[in-house]
Structures are given as structure tokens and as C-alpha cells.
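The next block holds one structure in the form of C-alpha cells; read it before the comments.
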Amino acid sequence: MVKVITYGTYDMLHYGHIRLLERAKALGDYLIVGVTSDDYDKTRGKINIQQPLEERIEAIRKTGLADKIVVEEYEGQKIDDIKRYGVDIFAIGSDWRGYFDYIGEYCEVVYLERTQGISSSEIRSEKRRVRLGLAGTREENILYKHYQESGYVDGLDVTAICTGNERFYEEFRVDGVSKCQSYEELLDECDAVYLLSHPKTHYREIREALEKGKHVLCEAPLCIGGAEECKELLSLAKQKGLVLMPGIKTAYSTAYSRMLLQLKAGKIGRVVSVDATCTSMLPYELQKKDIGAAWDSICAWGPTAMLPVFDILGTDYKNFDIHSLIYEDTDFDLFSKVDFAYDNGVGTIKVGRGVKSEGELIVSGTKGYIYVPAPWWKMDYFELRAENPADNKRFFYQLDGEGIRHQLVAFTKQINDPENDVISHVDEAVTMAIHQIIGSYYKGDRNQI
Ligand code: CTP
């Protein structure tokens, strides 16, 4: 019996896939189809997959062409499979020509001509395309990073940019994009907007976008007026059938999600405390001349630092206490420490903009602790640490683009599937709790240090 094996993602199964499977099957008597797991796809940069693994497997099963289906989970698995199942022929589309020649050492390699004119990427892009406008005054390299990252997202095109800084276009190359002079103009050129502007203008900008029927992804915080203001914006979005998502990139890191699952599974026992520190220095010119244009520590880092506190300990804290260092005679927050007391635990965040510390995350429990080294907010690694170092476990999950592209994928998916409430990785309760604290800070509910 001649055994043939082939691999693919098979997202939104199309006739190009079916033709390939038919020809692969015709090469022998028994066809094994390897379907890539969601995690494996992520590590190889395929981030836009629309269907989860189970659905993709089911679609292959229904073709009736596969005698066996296996899940491809790791780099190098193909060789293991070929040996394990005694495979005679490895077949793959011609887009991979040359790439798999090394498999020739284990079995025959056949490249089958790829069907012209169809691909999963094209089908994904044909879904309603979202025209995204980027609005920003936040440091311009951040704006550019978001422009670049959007290039990885199927079905999303940056069509317009509005930045107060004309030098941006000299410094960075952006093609095929309207360079808008005003925010109003930007809104006319897009279906959805990503706000990277200063938090003090977010409330007004979000309202304006929603009133004009535009979806909004806004670098958190959504506003600085507190939970009520935030609720008002979220309700307005709901009422208009639009998406309003707070942007907190860390929420989209696989390592962060996996850490939460380990905690839910009780791997460090009962969680007793969460300590998150995020700091960065201020650009020098802002320090001296125009500090008001910069994001202060509670805005720049508060939402990110509070995320694990609220995700892990919940939003039902008994009380909180803010201690802040304010810059000379401005209201600019250079450093804040916020302590949260719960019935059964405590949380602390330390955020700095112009004050530096070790940016680590520590979650302490009754059986051990989780340690995430700096910069924990770009999380691709964490350790489960025990009393006996021999019992420590290390977990690594690749993070591409600091989570920005995954957040943009989620935003695009949410626009196409507004009722689905598992797409955003930031719970509404967590969003409200974050804005409650930021609002309290700005209302002066803080101690000066
Ligand atoms: N394939 C093909 N003809 C096409 C599309 C895919 O023969 N028009 C083959 C690929 O060469 C591969 C298999 O089908 O052997 C699975 O491909 P996969 O990567 O899942 O599909 P694509 O449509 O190429 O997906 P994407 O656009 O995401 O790269």
C-alpha cells in the first residue's frame, strides 16, 4: 500500500484545497492529511485564520478524501509523522517548491501544481474590507509601527492618517494613504478609526467617531473622566451597533492568556497578590518644553498594569489607595503606586513616566508564584516558580509585533461579527474598573509623595 501525506491550514476550504487533496490521493492508496493547529499557525506568522482547528478538521473530514487526519503542532513534526506512519510520498502545493526538498531523505517529495486564482487569504480579504484611519499625536514612531502592523491583517487597509506633525511623512514612508489635515477629514475617509492621540482628547474624538457611524479602537484609556464617562461611550457604541474597543496590547499576547489559564487551574495555589510594574523615561524635549503633550504615567501605563490585577483578582476590590509624584507645578504624573485591597488578596501597580524601575510582573500564591521578567507587557515568556527550584517550569510563546497585529485582527473580526463577545480580550468589567481608577486619579483622589 502506498501511503501519501500532505499538510495545510485549510482555512475556509476552497476548491484549490480539494483539487490538491484529490491529486495527492491519486498518487497512492492511503491519504493522511495534516491540519495545522492554531498555535502552530501563530508561531509561523499565520494570524488571520478564520476557522478554529475543529472546524477546519471537520471540513477535511467531510470531503471524504482523507483516510486519516493528524494535527500538526510543531516544527519538524513532518519527519516524525513520515517515520511513524511509514509514509511513501510527501505531497504539497507548488508554492512550496524547493522548501521541502530535505524531506527527500525520508520519502519521495512531490510538488503538485497550485490551482491558480484562489487562496484562503483572498477569501478572507473579500469579506467586507475595513478602511482604517490612524489618528495620533502619540510619539510618531508608535503611529508608524501601527501602520506597519496593519499590513499583516487580512481585510484591513489603512486608508487615512491624521497626525499633527508634518515631519511624520518626511521621516516615515506611508503609501496610498490620505494625509488628512483634520480629524473630521480623517473620519470621512474611513469606516473605523484607531486613536493613538492624547487621552485628554479621546472622549471627544470617540463621541465624534461614533456619531459619524465609525468603529473605534482607542489606545486605553478611552477617557479620563471616570467609569461613568466610559460607560456612556460604551453605551453609545452599543446603541449605534458599533465596536468600541480599548487598546491594551498585552491582552493579546498568547503567553498572557496561557498564564491566566495556569492560574485558573490552581498551579500556584490560591492567588494572594499581584504586583505589576511598568515604567519608561520621557523623551527629553517633552520633559523640558511640552510635558502636557506626553502621556503621563497613569495614562501611559495604568491600563496595562491594572489588566493583570483585575483579570486575576477580579474587579470587586474593597478599596484602593493612590500615591503619586507630580512633576513640578504641572498635573503631570511622573510616578504612581496604586494599592488594591480585596477580601482575599492584594494588588499593586507601579507606573512611571520619567521614573524608572524593573518592569516585572509577579503573581504570588500559596503553592508558588509566577514570574514574568521585564518588559512583562511584551510577554512571550513566564515562569512558574516553586520553593524547590527543580520544580520550576518555564513557558515560552512567541509574540509577534508586540501584540499590535493580534489586537488589529480582533478589532477587524469584531467589526465583522459584532455579537461575538469572546473576541475582545479585555472584559467590559475590567475596562470599567480601569477607568474608575484613572477617573479617581484625575479627580484628585490621590496622595502626593
Ligand atoms: N493549495 C493549492 N491551490 C490553491 C491554494 C492552496 O494547491 N489555490 C494547496 C497549498 O499549496 C497547500 C494546501 O493547498 O499544499 C493547503 O494550503 P493552505 O496554505 O492551507 O491554503 P492557502 O489558500 O494557500 O492559504 P493562505 O492563503 O492562507 O496561504
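The values are calculated or read from the model by the stated rules, or taken from the named source; none is laboratory data. The structure displayed is predicted, hence computed values, not measured ones. Cβ: placed from backbone, ideal geometry, glycine included. Neighbour counts: every protein chain shown. The area values use the complete protein model at the heavy-atom level, side chains included, leaving out ligands, DNA and RNA. Shrake-Rupley method; radii C 1.70, N 1.55, O 1.52, S 1.80 Å.
A few remarks follow.
- Filtered residue count, the stretch 149-189, keeping only those that are part of a loop (DSSP other than H, G, I, E, B) and under 22 Å from the mean Cα position of the chain (by Cα): 5
- Of everything listed in (1) surrounded by fewer than 15 Cβ atoms within 10 Å (Cβ to Cβ); (2) in contact with a helix residue (DSSP H, G or I) (Cβ under 9 Å, 6 or more places away or on another chain), the single unmet condition for Glu72 is (1).
- Selection over the stretch 86-105 of residues that are more than 16 Å from the ligand (Cβ to nearest atom) and either exposed (fewer than 15 other Cβ atoms within 10 Å of the Cβ) or among the basic types (Lys, Arg) (or both) gives a count of 4.
Here is a yes/no grid of residues against (1) surrounded by fewer than 16 Cβ atoms within 10 Å (Cβ to Cβ); (2) within 15 Å of the chain's Cα centre (by Cα); (3) part of a helix (DSSP H, G or I):
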position: Thr348; (1), (2), (3): no, no, no
position: Ser357; (1), (2), (3): yes, no, no
position: Val363; (1), (2), (3): no, no, no
position: Glu387; (1), (2), (3): yes, no, no
position: Phe411; (1), (2), (3): no, yes, yes
position: Gln414; (1), (2), (3): no, yes, yes
position: Ser424; (1), (2), (3): no, yes, no
position: Val430; (1), (2), (3): no, no, yes
position: Ile434; (1), (2), (3): no, no, yes
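- Ile79 away from the ligand (no atom under 16 Å from the Cβ), assigned to a helix (DSSP H, G or I), under 30 Å from Ile161 (Cβ atoms) and open to solvent by 30 Å² or more (accessible area, probe 1.4 Å): no
Every residue, every condition in (1) out of contact with any Gly (no Cβ under 8 Å at 6 or more places or on another chain); (2) buried (at least 18 other Cβ atoms within 10 Å of the Cβ), yes or no:
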| site | (1), (2) |
| --- | --- |
| Lys3 | no, yes |
| Thr6 | no, yes |
| Tyr10 | yes, yes |
| Leu21 | yes, yes |
| Ala26 | yes, no |
| Gly34 | no, yes |
| Glu54 | yes, no |
| Thr63 | yes, no |
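- Meets criteria (part of a loop (DSSP other than H, G, I, E, B), open to solvent by 40 Å² or more (accessible area, probe 1.4 Å) and among the charged types (D, E, K, R)) for Arg204: no
- Here His146 meets each of (1) open to solvent by less than 50 Å² (accessible area, probe 1.4 Å); (2) within 12 Å of the ligand (Cβ to nearest atom); (3) part of a helix (DSSP H, G or I) with one exception, condition (2).
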